[in-house]
Amino acid sequence: MIFLFTANCLLITEFNMARYTGPKCRRCRKEGIPLFLKGERCETIKCPITKKKGPPGPHKKFRKKPTEYSEQLRAKQQVKRTYGVMEKQFRRYFHNAAKHKGKTGLNLLLVLEMRLDNVVKKLGFASSLAAARQVVLHKHIKVNGKTVNIPSYEVKINDKIQITNSLKENLFVKKSMEISSQKGISPWLSLDMENLTGTVIRQPVREEMAIPYNEERPKEQLIVELYSK
């Protein structure tokens, strides 16, 4: 059976875990930056964040100036929403990152970046993270020749990610692949367009991750400060 996937499809629960199914564009406006939750639509003039200035909701002129805590909270929310994880899962990622050597914030972003659903999106197999999650959940992705249907599965260096034959002719996948080939994929990944197989060449460096890098106030450092209180 071939499934059709769209950028604004509903998120499917992963192991009965709660997922956000509300308006995606509202989240982008809340964070003040595009989170690319609707794929290529977020890069066009149709993106609401370009037409509606400021966060959603009334009484904008009465909002207080951002505090240090609010900046830390917004950084955490932006990362959570970019990678599509909930609070409990995100906290678990953070505590695991703190146990490893190196910078905790960088370890946190690295494990989020290496999630299977994020890699599927970055390879161009899906136009958005929601669509990538659905592709994985419906067992259309193989890792090293074995079907994996866990979006949070952590890929490793030299892993090969491949689309099953039943989805190779899917129109939405083809369109997503065309857009991806025009923009180019992340340098830490390689893609065989003929066989629709991607390979993890190495771990991504900070500047190659989905979260924009701010040298003065890195978002990962704000998250560490938040959880350290």
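The values are calculated or read from the model by the stated rules, or taken from the named source; none is laboratory data. No experiment lies behind these values; they were computed from the predicted model shown. Note that each Cβ is placed from the backbone with ideal geometry, even for glycine, and that neighbours are counted across all protein chains shown.
Given the structure, is Ile201 surrounded by fewer than 19 Cβ atoms within 10 Å (Cβ to Cβ) and touching a Phe, Trp or Tyr at 6+ places or on another chain (Cβ under 9 Å)? Yes; evaluated as a whole, the condition is true for this residue. One residue is enough: does region 141-153 have a residue meeting the conditions farther than 27 Å from Val205 by Cα, surrounded by 22 or more Cβ atoms within 10 Å (Cβ to Cβ) and not assigned by TED's automatic domain parsing to the domain that holds Lys80? Scanning region 141-153 turns up no residue that is farther than 27 Å from Val205 by Cα, surrounded by 22 or more Cβ atoms within 10 Å (Cβ to Cβ) and not assigned by TED's automatic domain parsing to the domain that holds Lys80.
Mind checking which residues of region 86-128 are surrounded by fewer than 22 Cβ atoms within 10 Å (Cβ to Cβ) and not in a helix (DSSP H, G or I)? Listed by number, the residues that qualify are Met86, His100, Lys101, Gly102, Lys103, Met114. Being assigned to a helix (DSSP H, G or I), touching a Gly at 6+ places or on another chain (Cβ under 9 Å) and small (Gly, Ala, Ser): is that true of Ala131 here? Considered against the rule, which asks whether it is assigned to a helix (DSSP H, G or I), touching a Gly at 6+ places or on another chain (Cβ under 9 Å) and small (Gly, Ala, Ser), Ala131 comes out as yes.
Scanning region 178-210 for residues that are β-branched (Val, Ile, Thr) and part of a helix (DSSP H, G or I) yields one hit, Ile179.
Does any residue of region 162-184 turn out to be under 17 Å from Ala130 (Cα atoms), at pLDDT 90 or above and out of contact with any Gly (no Cβ under 7 Å at 6 or more places or on another chain)? Checking region 162-184: at least one residue is under 17 Å from Ala130 (Cα atoms), at pLDDT 90 or above and out of contact with any Gly (no Cβ under 7 Å at 6 or more places or on another chain). Number of residues in region 104-124 that are within 21 Å of Asp192 (Cα to Cα) and of a type outside the set (S, T, N, Q) equals 11. Checked against (1) part of a loop (DSSP other than H, G, I, E, B); (2) without any contact (Cβ under 8 Å) to a residue 60 or more places away in the chain, Ile161 meets all criteria but (1).
Condition check: buried (at least 19 other Cβ atoms within 10 Å of the Cβ) and either of a type in the set (Val, Ile, Thr) or in contact with a helix residue (DSSP H, G or I) (Cβ under 6 Å, 6 or more places away or on another chain) (or both). Does Val135 satisfy that? Taking the combined requirement at face value, the residue satisfies it. Of the candidates Pro66, Pro55, the single residue that is in a loop (DSSP other than H, G, I, E, B) and at pLDDT 65 or above is Pro66.
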